[in-house]
Amino acid sequence: MSLQDGTRAATIRGADPAFPIRLVALDIDGTLVGDDLVVGTRTIEAVRAAKARGVAVSLVTGRMVSSAMRFAGELGLTDPIVGYQGGLIRAMPAPGSAGIGRLLVHTPLSASVARAIVTWTREHGLDPHLNHLERFILRADDPRADDYSAFMGARAELVPDLLEAIDHPITKILAVGEPPLPTELAPAAAEAFAGRADVTISHPRFLEFVAPGVSKGRAIRWLARRLGIPLGATLAIGDQWNDIEMLAEVGHGAAMPSAPAPVQAVARYLAPAVADEGVAEMIERLVLVDEAGARAASRTLAAAADRARRAATEGLTG
């Protein structure tokens, strides 16, 4: 969810949980994979088992779709991939195809707003990057260009002047800074661009700007409608501010233990850590069992999450 709506989101609880779960939506960084960018064997097996049962599985990420494609391939996915917080959605390409998938949704920022964001973020000590469709654009003298290219799994396009490079709408702007600067600047950014762009955080180092209305929540609603699956029968797992609306919309929202408190507050469940293959465990307990087992696991997991939140609150006030 955009940070403009972050305080409201903490009170949202979306669809009532329905069974069986028929759609699984997975964030990538901090959820599916850790810093090593490796998908665990147990997670691959759990996702593939869910697919074999007829469950739809989609990646819903802040990354560009082409960057997410390798993870989708490892998991054997066939359902659409959501990129850029929902600013771009593509169909999975046909098996054996060298393409990146048919464009299904694209909601970019206007060029004038994109230029204003680049200027504002620079004035506030952040280093903006541009994302448009499958292009990843950096200033030519960026000393970390190789690091960013490795993280994205795609070669960055280097330009002498980012402002001059914006001659058409831009899908997303990612502004990089050392923590806690991006989080501290988020409210001011949201206020400065209210009505022109939505602001969110996908990583403690990344302050992100997308077109108004774009969010993972909008994307999960789109996916559910396209697939004819109720939001109540959807499991979504994420770990950051940009996952808030998605977790709040569905019947089975799970936050990673590393998630900020407002993200955990909207989730029904708390998943185990990435190192413990939390995605695999949630799928095993809620999807790869019969309906009675899933209902029992849901009650147990929800009660555990409530206890953890109460304990955290008591620890802060004690």
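The values are calculated or read from the model by the stated rules, or taken from the named source; none is laboratory data. The structure presented is a predicted model; accordingly, all values stated were derived computationally and were not measured. Here the Cβ positions follow ideal geometry from the backbone for every residue, glycine too, while neighbour counts run over all protein chains shown. These area figures cover heavy atoms from the full protein model, side chains too; ligands, DNA and RNA do not enter into them. Shrake-Rupley method; radii C 1.70, N 1.55, O 1.52, S 1.80 Å.
Using the 1.4 Å probe convention, the accessible area of the chain works out to 40 Å² per residue with neighbouring protein chains retained. Over the stretch 32-126, all Cα pairs binned in 5 Å intervals from 0 give whole-percent P(r) values of 2, 12, 19, 19, 17, 11, 8, 6, 5, 1, 0, listed from short to long. Beta bridges per DSSP, both residues in the chain: antiparallel share near 55 percent. Set the Cα radius of gyration of the chain against 2.2 N^0.38 Å, with N its number of residues, and you get 0.96. Between Ala52 and Ala312, the C-beta separation translates, for a Förster distance of 35 Å, into a calculated FRET efficiency of about 0.40. As a fraction of the 1.4 Å probe accessible area of the stretch 44-93, surface on carbon and sulfur atoms comes out at 50 percent. Classified by the C-alpha gyration tensor, the stretch 159-269 has an oblate form. Its axis ratio a/c, with a ≥ b ≥ c, is 1.5 or above, and a/b does not exceed b/c.
About the Cα centre of the stretch 48-93, what is the dipole size in debye to 20, counting +1 per Lys and Arg Cβ and -1 per Asp and Glu Cβ, all else neutral? Roughly 80 debye, rounded to the nearest 20.
Suppose only helical runs count, i.e. DSSP H with n ≥ 4. What mean residue ellipticity at 222 nm does that imply for the chain under -39500 (n - 2.57) per run, divided by all residues and rounded to the nearest 500 deg cm²/dmol? After summing the helix terms and dividing by residue count, I get -11500 deg cm²/dmol. Of the solvent-accessible surface of the stretch 183-304, computed with a 1.4 Å probe over protein heavy atoms with every protein chain present, carbon and sulfur atoms account for 54 percent. Percent of C-alpha pairs per 5 Å bin in the stretch 99-218, short distances first: 2, 11, 22, 25, 22, 13, 4, 1. Counting only protein chain heavy atoms and rolling a 1.4 Å probe, the accessible areas of Asp35, Asp290, Asp79 rank, largest first, as Asp35, Asp290, Asp79. Dipole check for the chain: with +1 at the C-beta of Lys and Arg, -1 at the C-beta of Asp and Glu, and the Cα centre as origin, the magnitude is about 1180 Debye. Residue ranges 36-45, 276-285 sort as 276-285, 36-45 when ordered by packing (mean number of other C-beta atoms within 10 Å per residue, highest first).
Once all protein chains are placed together, Leu227 keeps about 50 Å² accessible to a 1.4 angstrom probe. Between Leu133 and Thr171, the built amide H atoms are under 5 Å apart, and every one of these is 5 or more places off in sequence or on another chain.
The Kirkwood hydrodynamic radius of the stretch 232-276, based on inverse pair distances between different Cα atoms, is 9.9 Å.
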